[in-house]
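Undergrad: Below you will find the structure I want to go over with you.
The values are calculated or read from the model by the stated rules, or taken from the named source; none is laboratory data. Being a predicted model, the structure only gives us computed values, none of them experimental. Cβ sites come from the backbone with ideal geometry, for glycine too, and all protein chains shown count toward neighbours. Surface accessibility is based on the protein's heavy atoms, side chains included, excluding ligands, DNA and RNA. Shrake-Rupley method; radii C 1.70, N 1.55, O 1.52, S 1.80 Å.
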Amino acid sequence: MANIFRLKFEDGETKTVKAKIKPPKDIVQFVAGTTDPINTNGLKHQANKDYWRGTDNLWQSVKELKPQFLDLHIEDEFFSWSGDNNTDERTKAAERLLDLLLRVYSNWTNKEVHLHLIGHSHGGNVINQFTEIISKKEDFPKHWKIKSITYLSTPFFKEQHQLNHEKLHKACKIINVHNEYDITQRFVADFTLKNLEYLIGNFSGKNKMDEAIETIKNMDLSAYEHLTDWTIDNDTEGPAIWNTTYEILVEVEKIMEVVVENIAFIGNKKIVSPEKKEFLSIVNDLHTLIRARKNRFKRNKEERAGGYGRLELIKDLELVTILPILNRIIHVKTNVGDSYLLSFLDNVFTEEENGLIYKIDDTSWSPEKQVNGKFKIEDFNITDIDIYDKRKKKSKFENFAKGIEEAVRRNDDNSLKEIVMRLISQFIIPNDLDKIIEGIDWLEYAVTGELDKQVKEVRRNLTVYHKLIKKYHADLIAKADINNKDLKVKPGSVPYLAMNSHSLSHTALFDDCEHNVRDALISAFSSGKKP
């Protein structure tokens, strides 16, 4: 690139000279986001180049820009970090990013270099921490400046990982891509976690649990229809009821085995709260009783001594010993604040010594407060691109999201319990719980004494939870999607909103007239286009 200059010498003579000025070099660096939001795997470099790969993705679209510019370098082959949802890990990632750039581009430390950083999710917070680190590093090249930052679904903290402006180019462009259906950005990322790998570990047996739940859902329960008959046939109907009950207990025991295995770590801590000790004891007792019932039904599903009937079914289930334990777990008086189970989970998360929450920092979808008006922000709202937007559930979703956001902001003794209850309520259809309560109504007529007392208590506890679920269930999933068995992740479900809606921003370099992220990024490049 040739430029013409007029130079004035000491003797007063003026000359016109032509000089060749090399434009800055552009480096595009990708920073992956949190791949392990609940810190389960402990892998050191899980957030790596594979994070960006796909058939139609943003990385490939950016890579295709390289031949169009004079000195554009696309870097994503080497950088990686753990991907854990943890403040310390994000800080380590920022330090690693600096080390990488200085090593890979060591020959350019005396050249003018413009950095263009693209981060998805907490990758944007790694970038922010990077700006803080380089502001204090004397060996950071003085000719290097950050010319653009592209935030893709980044949750912006109020306290952690703030954007430092010192090493940003005066014309630095801030590009922000967000999706209103993205609950990870809106409130899940408010919770920075610690120690959760101990709670879930690698969640050994997860597939086993999923298979057991699915098996129960698909079971033929028609044998139980005979429980309302005047008499139950001892040759066919009775054995069918016992066999179905045995098959259910087989799957329930598998689920309990996974639960017991994955919470056993609690008892291995040096300091264990009374709440956790009690919960461990309850779960172990329940596991033992379920195994015993399973073995009994296995023995009695053929030629049971004494025959088959409603009273015999109750006798073999021996509910009088199981129901008190169940009632202890599901005990609730009137609301989330007096729920035993929700209080236990609150203790697991917030206990000072061995809790799982490191920090709660209310996040924002916009970097506006961090930029503070010093740089131009080009904002791209891609909500209408999300396929869930076609379901016409926006108002229901907003009621759900704002309810949780309000609980986070309130941050009182019941906030976390309410958040958990609101989330659980999206996995349960209130009408399904109606059917369970109706079944308990029938059982009440068939039992007496202590068992009747325990059955009534089960009914009371479930009725309170039923009211809470009806209150918080947001009806987020369209009926057509609920009935579509081919959909593994249903649009509007909590997993979809937390993962699919959150990932949408890094699936493509959007270039339509309303969401032209491509042109916004290109306009920040300094090396110049090739003729």
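Undergrad: Multiply the residue gap between residue 511 and residue 383 by 0.36 nm, knock off their C-alpha separation, and tell me the result in nm, one decimal place.
TA: Full extension of this stretch gives 44.6 nm more.
Undergrad: Please state the Cα pair-distance histogram of the stretch 307-364 with 10 angstrom bins from zero: what percent is in each bin?
TA: Computed distribution, short to long bins: 19, 26, 25, 16, 10, 4, 0.
Undergrad: Taking only the alpha-carbon positions of the stretch 430-531 and ignoring solvent, what does the Debye formula give for the base-10 log of I(q)/I(0) at q = 0.10, 0.13, 0.16, 0.25 Å⁻¹?
TA: The Cα Debye sum returns log10 ratios of -0.58, -0.75, -0.90, -1.23.
Undergrad: Turning to a different aspect of this structure: Heavy atoms only, 1.4 Å probe, whole protein assembly: order 208, 485, 435 by accessible area, highest first.
TA: Ranked from most to least accessible, the order is 485, 435, 208.
Undergrad: Can you pull the semi-axes for the stretch 115-182, root of five times each eigenvalue of the Cα gyration tensor, sorted largest first, whole Å?
TA: Each semi-axis is the square root of five times an eigenvalue, giving 22, 13, 9 Å.
Undergrad: Here's something else I'd like to know. So for the stretch 277-321, what are the equivalent ellipsoid semi-axes in whole Å, largest first, each being the square root of 5 times an eigenvalue of the Cα gyration tensor?
TA: Over the Cα atoms of the stretch 277-321, the semi-axes work out to 26, 11, 5 Å.
Undergrad: With runs of 4+ DSSP H residues as the only contributors, calculate the mean residue ellipticity of the chain at 222 nm using -39,500 (n - 2.57) per run, divided by the residue total and rounded to the nearest 500.
TA: Only helices count here, giving -13000 deg cm²/dmol.
Undergrad: Continuing with this model, one more query. Could you list, bin by bin from short to long, the percent of Cα-Cα pairs of the stretch 357-426 in 10 Å steps?
TA: 15, 34, 35, 16, 1
Undergrad: Still on this model: Tally Lys/Arg at +1 and Asp/Glu at -1 over every other residue whose Cβ is under 10 Å from the Cβ of residue 478; what's the total?
TA: Net charge in that neighbourhood comes out at +4.
Undergrad: Let me ask another. Suppose accessible area is computed on protein heavy atoms with a 1.4 Å probe; arrange 96, 293 from highest to lowest.
TA: These residues rank, largest area first, as 96, 293.
Undergrad: Here's something else I'd like to know. Treat each spin label as a single point 7 Å out from the Cα along the C-beta direction, and report the residue 482 to residue 233 distance in nm.
TA: Distance between the two pseudo-spin positions: 3.6 nm.
Undergrad: Could you tell me the distance between the Cα centroids of the stretch 205-246 and the stretch 106-151, to the nearest Å?
TA: 62 Å
Undergrad: Taking the solvent-accessible surface of protein heavy atoms with a 1.4 Å probe, what is the per residue accessible area of the stretch 331-423 in Å²?
TA: 52 Å²
Undergrad: Per-residue accessible area for residue 513 at 1.4 Å probe radius, Å² rounded to 10?
TA: Its heavy atoms expose roughly 130 Å² to the probe.
Undergrad: Next question. For the chain, just the Cα set please: Rg and Dmax, both in angstrom.
TA: Just the Cα atoms of the chain yield Rg and Dmax of 30.0, 124 Å.
Undergrad: Right, something else. Which entries of 254/359; 402/470; 217/488 have Cα-Cα distances beyond 24 Å here?
TA: Over 24 Å Cα-Cα: 254/359.
Undergrad: Kindly point out which whole DSSP H helices in the chain project their C-alpha atoms 30 angstrom or further along the helix axis while averaging a Kyte-Doolittle hydropathy of -0.5 or above.
TA: 237-263
Undergrad: Continuing with this model, one more query. Given a 1.4 Å probe, how much area per residue of the stretch 454-503 is accessible, in Å²?
TA: 54 Å²
Undergrad: Please report the carbon-and-sulfur percent of the accessible area for the chain; probe 1.4 Å, protein heavy atoms only, DNA, RNA and ligands left out.
TA: In the chain, the share of accessible area belonging to carbon and sulfur is 51 percent.
Undergrad: Using only Cα atoms, what is the ratio of the radius of gyration of the stretch 296-399 to 2.2 N^0.38 Å?
TA: 2.09
Undergrad: Solvent-accessible area of residue 80, probe 1.4 Å, all protein chains present, reported in Å² to the nearest ten, please.
TA: 10 Å²
Undergrad: Which of the chymotrypsin sites (Phe, Trp or Tyr not before Pro) found in the stretch 412-482 are in a DSSP loop and have at most 12 neighbouring Cβ atoms, other than their own, within 10 Å?
TA: 427
Undergrad: Continuing with the same structure: Return the Rg/Rh ratio of the stretch 229-354 with Cα-based radii and a Kirkwood Rh.
TA: 1.10
Undergrad: Looking at the chain only, what percent of DSSP beta bridges run antiparallel? Nearest 5 please.
TA: 30 percent
Undergrad: What does the accessible area of residue 490 come to, in Å² to the nearest 10, when a probe of 1.4 Å is used?
TA: The value for residue 490 is about 40 Å².
Undergrad: Ok, one more. When only the heavy atoms of the protein chains count and the probe is 1.4 Å, how do 384, 220 rank by accessible area, highest first?
TA: 220, 384
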